[in-house]
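What follows is a short report on a single structure.
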Amino acid sequence: MKIALKALISATICGQLWLASFALAVIETYVFSSPDLELRYHQLSQELRCPKCQNQNIADSNAPIARDLRVVLHEQLEQGATDDEILAFMVARYGEFVRYRPGVDRNTVLLWAAPGLLLMLGAAGLLSHFRQRPSARSTDVTEAEQAEITRLLGEPRD
């Protein structure tokens, strides 16, 4: 009886804690004037990185600054700002780091060019490696070796 009572109390406490966790979660809802704005909101919130979390976009982050950025994003979309204007505003305020796909400029040109440069460097290294290897088809076969090859090739196989 005591075990059943302890299990019931434990289940009740766990259930209350589980329900309390929903009370702490904040669900943000925004009313958009058009479905197109809502689509743009979701695309931009996926593209912008949370300055605090650094590995999450602002759509997935629960950090206070991410919530503030979502509010700013919603306000700017409703005011008629273009995607480029919104991204420029965020970059001016938080730097290129806030974008998952930074623009090409003198600070990020190496970032964008590195994959192509590494691919070309690897291809040049492979080409150099294969050119320096001795050929498998060597013409330096002695007459005795050639006679042995001819003899082996001429014999019928079982």
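The values are calculated or read from the model by the stated rules, or taken from the named source; none is laboratory data. Fair warning: this is a prediction, and the values are worked out from it, not measured in the lab. Here Cβ is always computed from backbone atoms with ideal geometry, including for glycine, and neighbour counts include all displayed protein chains.
Within region 27-42, being surrounded by fewer than 12 Cβ atoms within 10 Å (Cβ to Cβ) and either polar (S, T, N, Q) or not in a helix (DSSP H, G or I) (or both) holds for 27, 28, 29, 31, 33, 34. Among the residues making up region 65-75, a single one is more than 21 Å from residue 34 (Cβ to Cβ) and without any contact (Cβ under 8 Å) to a residue 12 or more places away in the chain: 68. Filtered by the rule that a residue be surrounded by fewer than 15 Cβ atoms within 10 Å (Cβ to Cβ) and touching a strand residue (DSSP E or B) at 6+ places or on another chain (Cβ under 7 Å), region 43-54 gives a lone residue, 46. Count of region 127-158 residues, restricted to those that are surrounded by 10 or more Cβ atoms within 10 Å (Cβ to Cβ), aliphatic (A, V, I, L, M) and at pLDDT 85 or above, is 3. Counting the residues of region 55-75 that are surrounded by fewer than 18 Cβ atoms within 10 Å (Cβ to Cβ) and either part of a helix (DSSP H, G or I) or of a type in the set (A, V, I, L, M) (or both) gives 8. Annotation note: Cβ proximity below 6 Å between a residue of region 106-125 that is among the hydroxyl-bearing types (Ser, Thr, Tyr) and a residue that is modelled with pLDDT under 95 (sequence gap 6+ or interchain) occurs for 108/102.
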